[in-house]
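Take a look at the structure below.
The values are calculated or read from the model by the stated rules, or taken from the named source; none is laboratory data. Since the structure is predicted, the reported quantities are computational estimates derived from the model, not experimental observations. Virtual Cβ from ideal backbone geometry, glycine too; neighbours counted across all protein chains shown. The area values use the complete protein model at the heavy-atom level, side chains included, leaving out ligands, DNA and RNA. Shrake-Rupley method; radii C 1.70, N 1.55, O 1.52, S 1.80 Å.
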Amino acid sequence: MTVPFLDLKAQYDAIKPEVDRAMQSVLDQTDFIMGEDIYAFETAFAAACGRRHCVATSSGTSALELVLRAHGIGPGDEVITTPHTFIATTEAITAVGATIRWVDIDPVTYTINPLLVEAAITSHTKAILPVHLYGQPAGMDELLSIAVRHGLHVIEDAAQAHLAEYHGKTVPIGGTACFSFYPGKNLGAFGDAGCVVTDDADVADKVRRLTNHGRNQEKYEHPIEGFGHRMDTLQAAVLSTKLPHLASWTAARRQVAARYNAGLASTGLTLPAEPEAVKAVYHLYVIRTPNRDALRAHLKSQGIATGIHYPLPLHLQPAYAHLGFKRGDFPATEAAAESILSLPVYPELSASSQDAVIETIHAFFSH
Ligand SMILES: *Cc1c(COP(=O)(O)O)cnc(C)c1O
């Protein structure tokens with residue numbers, strides 16, 4: 001049996017008639033840019049998140065960059081985040097001319113360690129940018145109270161955390177979050193797309209203006225310069241079609257996680273920990289073992305694909321060599337990078353495939 005890491009085709013096949021119809025209707029209307037599907041999706045996604053505003057963007061990366069700009073963050077300012085994330089998180093900080101301030105992760109949840117944040121705050125710090133990695137909200141109670149004490153913005157990277165909950169509240173937990181609709185994300189477009197969700201009307205207005213060349217409603221009136229970072233209408237049509245399925249897809253991901261948790265409990269592997277306050281959405285199901293590389297090779301030999309998110313921490317990436325960090329600077333992140341393994345998890349993953357993963361792991365440990 002082969003088990004792919006992800007199967008976008010299975011999801012497309014399951015919704016083909018409705019998604020094809022939605023795309024055809026955009027083609028028929030030829031409203032490719034800022035078409036009515038954009039506004040319909042923004043309204044629906046804001047409601048799904050329980051927030052007032054959603055602004056569609058060209059990607060999760062552009063959402064992060066534009067929301068930093070909308071908060072006036074730029075050269076001379078510092079933004080705190082973790083080195084255990086996808087590089088887009090920190091690319092956005094660099095893109096606005098601000099300085100990255102890394103803080104190590106909590107070794108159990110893999111999200112930013114709130115206990116280490118205050119020591120990283122300086123007079124230049126403007127924001128904390130927690131990443132709800134793998135679909136699990138970071139320790140937001142602690143982060144929000146630190147932010148209040150120090151007068152900082154909290155901007156959540158929720159690219160992996162659509163509909164994730166914290167104390168029963170849907171992300172964003174603070175005021176504002178950025179989402180990615182990259183095809184493999186829990187809610188995926190048929191290309192690049194993203195958005196900013198916020199209750200702050202001023203932030204929403206600023207992000208919207210920045211996505212669309214800084215223009216006013218008047219087409220060629222530009223109070224400021226912006227970017228061409230709008231979402232395509234076609235992507236909005238796809239996302240609007242998929243959004244009503246997201247809650248059941250999320251439940252299916254949680255069921256996969258529960259089956260893995262039960263099936264792998266006796267292996268001695270470190271399984272994902274879901275803190276009491278959290279309802280994770282399992283963008284990734286990440287286990288941990290000192291035998292990671294051998295286990296991964298064994299799974300591969302049996303046709304089971306896995307991933308490592310992420311194998312080289314950002315502070316050790318060549319792209320950031322100029323920042324002068326070295327191995328040992330963020331020990332929890334470095335230890336995670338050497339021992340984590342992401343198992344296949346997606347809503348369409350069959351019970352027999354899940355059992356094949358579980359049995360293959362048992363076979364590895366019984367030799
Ligand atoms: C996917 C992702 C992004 C970037 O999203 P894109 O839509 O690919 O630009 C940012 N942060 C994290 C944590 C991600 O996983």
Go through segment 177-188 residue by residue and tally those that are near the ligand (Cβ under 9 Å from one of its atoms), in a loop (DSSP other than H, G, I, E, B) and open to solvent by less than 20 Å² (accessible area, probe 1.4 Å). 2
Single residue of segment 44-57 satisfying the filter (open to solvent by 10 Å² or more (accessible area, probe 1.4 Å) and out of contact with any helix residue (DSSP H, G or I) (no Cβ under 7 Å at 6 or more places or on another chain)) that is nearest to the ligand (Cβ to nearest atom): Arg51
Which pairs have Cβ atoms under 8 Å, sit 6 or more apart or on different chains, and link a residue in segment 52-65 that is closer than 9 Å to Val196 by Cβ to one that is in a helix (DSSP H, G or I) and near the ligand (Cβ under 6 Å from one of its atoms)? Leu64/Ala88; Leu64/Thr89
Which of the residues spanning segment 110-134 are open to solvent by less than 40 Å² (accessible area, probe 1.4 Å), among the small types (Gly, Ala, Ser) and either away from the ligand (no atom under 16 Å from the Cβ) or in contact with a Phe, Trp or Tyr (Cβ under 9 Å, 6 or more places away or on another chain) (or both)? Ala120
If you go through segment 72-92, how many residues are crowded, with 21+ Cβ neighbours inside 10 Å and either more than 12 Å from the ligand (Cβ to nearest atom) or in a loop (DSSP other than H, G, I, E, B) (or both)? 7
Can you tell which of Ala204, Ala164 is touching a helix residue (DSSP H, G or I) at 6+ places or on another chain (Cβ under 7 Å) and not β-branched (Val, Ile, Thr)? Ala164
Which one of Pro137, Pro107 is in contact (Cβ under 8 Å) with a residue 60 or more places away in the chain and away from the ligand (no atom under 14 Å from the Cβ)? Pro107
From Leu143, Leu163, residue being away from the ligand (no atom under 12 Å from the Cβ), closer than 23 Å to Val286 by Cβ and part of a helix (DSSP H, G or I): Leu143
